[in-house]
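We did not get these values from a lab; they are worked out from the coordinates using the rules stated. From a predicted model like this one, the values you see are computed outputs, not experimental measurements. So basically every Cβ, Gly included, is an ideal-geometry build from the backbone, and we count neighbours across all protein chains shown.
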Amino acid sequence: MNDDSKSSLPSWAPIAGLIVGALVVMLLLWALVIKSDEDEAKDDGPKIVQSSDIAATAKRLGRSIYWAGERPNTKLELAESDSGRVYVRYLDMDSEAGVRSADFLTVATYPVADPAAALRRAKQTRPDAELARSDGGALILIDPSAPGSIRVAYPGASEQVEVYTPDIAEGVELVKRDEIEPVVR
């Protein structure tokens, strides 16, 4: 081996090595810092929140989220789906976020282009369902084939609301008295 072997590397090799090294560092930074921040922002699992968190979510989404207001002896659970649906659930004080149970009042908000028309179409396919109006003029669909579920379309809204409740009579009263309303954003 002679000393000329060191000079046989192309003149661009050190520069290419620096570029590859810089790319590796940038990828590591992206994976460790930026990507972990994105993952945190996408944590859409159910979580216990305050009413201000629901308002902040509505503001972030740029649309209304409906709820039944503050209710005594409950804590609020908020969940978002990939399809844009938002769920506000009223858990008892002993329950944890994500508990699998239909024993809690839940108010779901779905983005729908024309919610009233969607309810009218649903009524046509469900002859036993009943259309009614709330005190404030919201269109209500009560479908006996979906026990515990009341669907609502508020005048001028671009969201459909569904109220799930273990006590259907209480749910119907909440909806008819317009106690289901958008959280202030």
*Peptides ranked, highest mean first, by Cβ atoms within 10 Å: ranges 77-90, 118-131, 166-179*: 77-90, 166-179, 118-131
*When only Cα pairs under 8 Å and 6 or more residues apart are kept, what is the percent relative contact order across the stretch 47-182?*
23
_Residues whose placed amide H lies under 5 Å from that of Trp67, excluding near-sequence neighbours_ = Glu181, Val183
*Leaving out same-chain residues fewer than 8 places away, which aspartates and glutamates sit with a Cα under 13 Å from that of Lys47?*
Glu77, Glu80, Glu96
